[in-house]
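The values are calculated or read from the model by the stated rules, or taken from the named source; none is laboratory data. Worth saying up front: this structure is predicted, and the values here are computed from it rather than measured. Here Cβ is always computed from backbone atoms with ideal geometry, including for glycine, and neighbour counts include all displayed protein chains. SASA here: full protein model, heavy atoms, side chains in, ligands and nucleic acids out. Shrake-Rupley method; radii C 1.70, N 1.55, O 1.52, S 1.80 Å.
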Amino acid sequence: MSEVMQAILTRRSVRSYRPDPIPDEVIERIVKAGTYAATGRGRQSPIIVVVTNPEVRNQLSEMNASILGAQKGIDPFYGAPVVLIVLADKSCPTYQYDGSLVMGNLMLAAHDEGLGSCWIHRAKEAFETEQGKALLASLGIEGDYEGIGHCILGYANGPQPSPAKRKDSYVYYVK
């Protein structure tokens, strides 16, 4: 079995992280993989915002928790020290698909680097708020972007989760 297939078959969403920092060069390799995701007509509609600053990371967590309706103190990012925000330009008709492929590449690359990852939703709602728009503006990000997802990264705090059984009706063949 190829290394790529091995990574696809063994990657799992991790929901508990150690606070250990991730080296910049590791994050850069993961992000590079995200930039090589397929995009509609090669337009490269997504952008990736790398958040390693603990204050901004916590602000994002609080925004996400608020949208979730979680109790105060709940961290929807499960303690992960790094958040990769994937946004995509809404003027491209394939922006949601493009951003989803970026998320997939990021999670596979993180697994390849020995890191845990998880796709955390509510990025769309977070960056539709005034607080989310202000955050993007403060980073110099202009344009009509929609949040696709938060890809959280970190060293897993515990064993890799087991895979769920694949459903019987997953694939239909037409020969």
Fill in the blank from the handout: When the chain is treated as a Gaussian network with springs between alpha carbons less than 10 Å apart, the largest mean-square fluctuation among 36, 78, 95 is found at 36
Practice task
Whole Å is fine, so just give me how far the alpha carbon centre of the range 1-54 lies from that of the range 66-112.
Solution key: 10 Å
Handout entry: Shape of the range 116-175, Cα gyration tensor, a/c cut at 1.5
Key = oblate
Practice task
Order the peptides 103-111, 158-166, 69-77, 51-59 from the highest to the lowest mean number of other Cβ atoms within 10 Å of their residues.
Solution key: 103-111, 51-59, 69-77, 158-166
Exercise for the section: Show 173, 155 ordered by accessible area, largest first, where the area counts protein heavy atoms only and the probe is 1.4 Å. Expected result: 173, 155
Handout entry: Residue list for the range 25-62, given a label point 7 angstrom along the Cα-to-Cβ vector of residue 3 and an amide N cut-off under 20 Å
Key = 25-38
Exercise for the section: Could you pull out every residue, at least 5 positions away or on a different chain, whose amide H is within less than 5 Å of the one on residue 149? Hs are placed 1.01 Å off N in the peptide plane, and Pro or chain starts have none. Expected result: 86
Exercise for the section: Once you have a ≥ b ≥ c as the square roots of the Cα gyration tensor eigenvalues for the range 1-43, tell me rounded if a/c is under 1.5, and otherwise prolate or oblate according to whether a/b is larger than b/c. Expected result: oblate
Problem - Accessible carbon and sulfur surface of the range 88-168 relative to its total accessible area, %, 1.4 Å - result: 51 percent
Completion exercise
Within the range 114-151, DSSP-loop GluC sites (Glu not before Pro) with at most 11 other C-beta atoms within 10 Å are 142
Exercise for the section: Would you calculate, for the chain, the mean residue ellipticity at 222 nm contributed by helices, counting each DSSP H stretch of 4 or more residues as -39,500 (n - 2.57) and dividing by all residues, to the nearest 500? Expected result: -11500 deg cm²/dmol
Practice task
Might you report the magnitude of the Cβ-based charge dipole of the range 1-151 about its Cα centre, with Lys and Arg at +1 and Asp and Glu at -1, to the nearest 20 debye?
Solution key: 380 debye
Problem - Label-point gap, in nm, between residue 134 and residue 160 - each point 7 angstrom along Cα→Cβ - result: 4.3 nm
Practice task
Give the calculated FRET efficiency between residue 44 and residue 125 to the nearest 0.05, with a Förster radius of 22 Å applied to their Cβ-Cβ distance.
Solution key: 0.35
Handout entry: Accessible surface, per residue, of the range 34-76 when the full set of protein chains is kept, probe 1.4 Å, Å²
Key = 62 Å²
